[in-house]
Amino acid sequence: MSAPNKSYDPVEVEALKPEEIERMRDEALAAIAAAAGLEELREVKVAHTGDRSPLALANREIGALPPQAKAEAGKRVGQARGAVNKALAGRQAELEAERDARVLVEEAVDVTLPYDRVPAGARHPLTTLSDRIEDVFVAMGYEVAEGPEIEAEWFNFDALNFPPDHPAREMQDTFFVKPLSGGSETDAAESGVVLRTHTSPVQIRSMIDREPPVYVICPGRVYRTDELDATHTPVFAQVELLAIDEGLTMADLKGTLDHMVRALFGGDLTTRLRPAYFPFTEPSAEMDMQCFACRGESAVNPDRPCRTCSSEGWIELGGCGMVNPRVLTACGVDPGRYSGFAFGFGIERMLMFRHSIEDMRDIIEGDVRFTLPFGMEI
Ligand code: DAH
């Protein structure tokens, strides 16, 4: 810095010459205009307005001028610095606006784009249907009961009044896990072990575990030595129902069946019973439901054939009957005081006719393309 000019000599300070100031200002303005980004502008700002910038240094030289020149130089430098600051602020605003616009474009999220989500699965329709059936009965006060899939032969057969030589026990139907020990056939502990062939043993377990009245619904998997084909599978699902109380009759059974088919298929469908034989029920019946598609019309009107029931008007559901007093006795229930009804049916079959599924293998193969169209039901 030059020494203060106290002698009022006309001192020429190079840095304060108007053209010098102009040059410094123009250089600064050019650099500001050329700054392509905010970071670069920050550097330009330091270089042209900082303590060591040419204009700041020139400003310090003002003191070296004679008094009359000071004001003029001060004004000139001040104007130059003002212009530079204004240009800086302007460029700063410009660059910030550019950055904001760019961020908006670059960081925009298109919420309509497909993304890598994990595909939602679906409940298997067999589970959904089984739950629906349970719900119908739970709403009437029934309890859901379960039993083991590996079952004592005594529960699977003996207690259900299957005689020892009943054909259902034979190898072509039953998967034997542990063959009969040769002990007493009336004792569960001495019994052989099988994969349960039906859910009826859960009836026995429910009666033994509870004091009457007993109202249970028992869904579960069962096993039979069938080859897998369009209508058979060695593993399938059944639902069993058991009601034990004082004064129950076949009218209660019929009313319960009617209510079930209406709850599951809608409308005012009915059921019908056909005489049949099961060792654990007496009397026993096969139960049919009125076809939910043609409501029985196809059977009487040849012009309206029905694929769902093959124009029978009825669809076979499963077996039912009044619990055989011998079964009640085997479970410690007094048949003199209590009576009961039971029914059981396969869920795959119901799923098949309910949804026109032609091949049972589609149900059990677990292909999600089969399951997904059924959607979710909670
Ligand atoms: N357990 C029989 C079966 O698997 C079905 C059945 C028939 C169950 C009559 C019942 C019934 O409860 O009363 O073939």
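In the range 10-106, with Lys and Arg counted as +1 and Asp and Glu as -1 at Cβ, which of these residues, P67, L55, I32, has the Cα nearest the positive end of the dipole, that is, farthest along it?
With unit charges placed on the Cβ atoms, the residue in question is P67.
Counting other Cβ atoms within 10 Å, which GluC sites (Glu not before Pro) in the range 323-378 have at most 15 and lie in a DSSP loop?
Within the range 323-378, the qualifying GluC sites (Glu not before Pro) (loop, at most 15 other Cβ atoms within 10 Å) are E358, E365, E377.
Taking the 0 to 90 degree range and rounding to the nearest ten, how far is the long axis of helix 18-34 tilted relative to the main principal axis of the chain, both from C-alpha atoms?
10
Do any GluC sites (Glu not before Pro) in the range 16-107 lie in a loop, going by DSSP, with at most 10 other beta-carbon atoms within 10 Å of their beta carbon, and if so which?
Values: sites: E19, E20, E22, E27, E39, E40, E43, E61, E72, E94, E96, E98, E106, E107; in loops: E107.
Sparse-neighbourhood loop GluC sites (Glu not before Pro): E107.
Please state the shape class of the range 210-318: rounded when a/c is under 1.5, otherwise prolate if a/b exceeds b/c and oblate if not, all from the C-alpha gyration tensor.
Details: a/c = 2.11, a/b = 1.28, b/c = 1.64.
It comes out oblate by the Cα gyration axes.
Can you list the residues, at least 5 places off or on another chain, whose amide H is less than 5 Å from the amide H of E143, using H built in the peptide plane?
Here the answer is Y215, V216, I217, since their amide H atoms fall under 5 Å of that of E143.
Shape of the range 288-378 from its Cα gyration tensor (a ≥ b ≥ c, root eigenvalues): rounded if a/c is under 1.5, otherwise prolate when a/b > b/c, or oblate? Intermediate results must be reported in sequence, preceding the final value.
On the way: a/c = 3.42, a/b = 1.51, b/c = 2.26.
Note, shape of the range 288-378 comes out oblate.
Rounding to the nearest 10 and keeping the result within 0 to 90°, find how far the Cα-based axis of helix 125-138 lies from the longest principal axis of the chain.
Relative to the chain, helix 125-138 is tipped by roughly 70 degrees.
Which of the trypsin sites (Lys or Arg not before Pro) across the range 80-161 are loop residues per DSSP, with 12 or fewer other Cβ within 10 Å? Walk me through the intermediate numbers first.
Values: sites: R81, K86, R91, R99, R102, R117, R123, R132; in loops: R117, R123.
Here the trypsin sites (Lys or Arg not before Pro) that fit, given the DSSP loop and packing criteria, are R117.
For the chain, just say rounded, prolate or oblate: build the C-alpha gyration tensor, square-root its eigenvalues into a ≥ b ≥ c, call rounded for a/c under 1.5, and beyond that prolate if a/b exceeds b/c, oblate if not. Spell out each step's value before the answer.
Numbers: a/c = 5.26, a/b = 4.03, b/c = 1.30.
Taking the square roots of the gyration eigenvalues as a ≥ b ≥ c, the chain is prolate.
Quick one: which residues, 5 or more positions from V323 or on another chain, have an amide H under 5 Å from its amide H? H modelled 1.01 Å from N in the peptide plane, none for Pro or chain starts.
Counting only residues 5 or more places away or on other chains, the set is E282, G340, F341, A342.
Sort by residue number and name the cysteines in the chain that have no neighbouring cysteine Cβ under 4.7 Å.
So, C218, C320, C331.
In debye to the nearest 20, how big a dipole does the chain give about its Cα centre with +1 on each Lys and Arg Cβ and -1 on each Asp and Glu Cβ? Please list the in-between numbers first.
Numbers: 39 positive and 63 negative charges, 378 e Å.
Value, rounded to 20: 1820 debye.
Using Cα atoms only, what is the angle between the long axis of helix 67-106 and the major principal axis of the chain, expressed in degrees (0 to 90) to the nearest 10?
Compared with the principal axis, the helix lies near 20 degrees.
From the helices alone, meaning DSSP H stretches of at least four residues, give me the mean residue ellipticity at 222 nm for the chain, per-run term -39500 (n - 2.57), in deg cm²/dmol to the nearest 500. Write down the numbers at each step before the final one.
Details: 13 runs with 148 residues, N = 378.
So the helix-based figure for the chain works out to -12000 deg cm²/dmol.
What are the residues whose amide H is under 5 Å from the amide H of L317, where those residues sit 5 or more places off or on another chain and H is modelled from the backbone?
Result for L317 returns M287, D288, M289.
Values in this text are rule-based calculations from the coordinates and carry no lab data. It should be emphasised that the depicted structure is a prediction, and the values quoted were computed from it without experimental measurement. Glycine also receives a Cβ, built like all others from the backbone with ideal geometry; neighbour counts cover every protein chain displayed.
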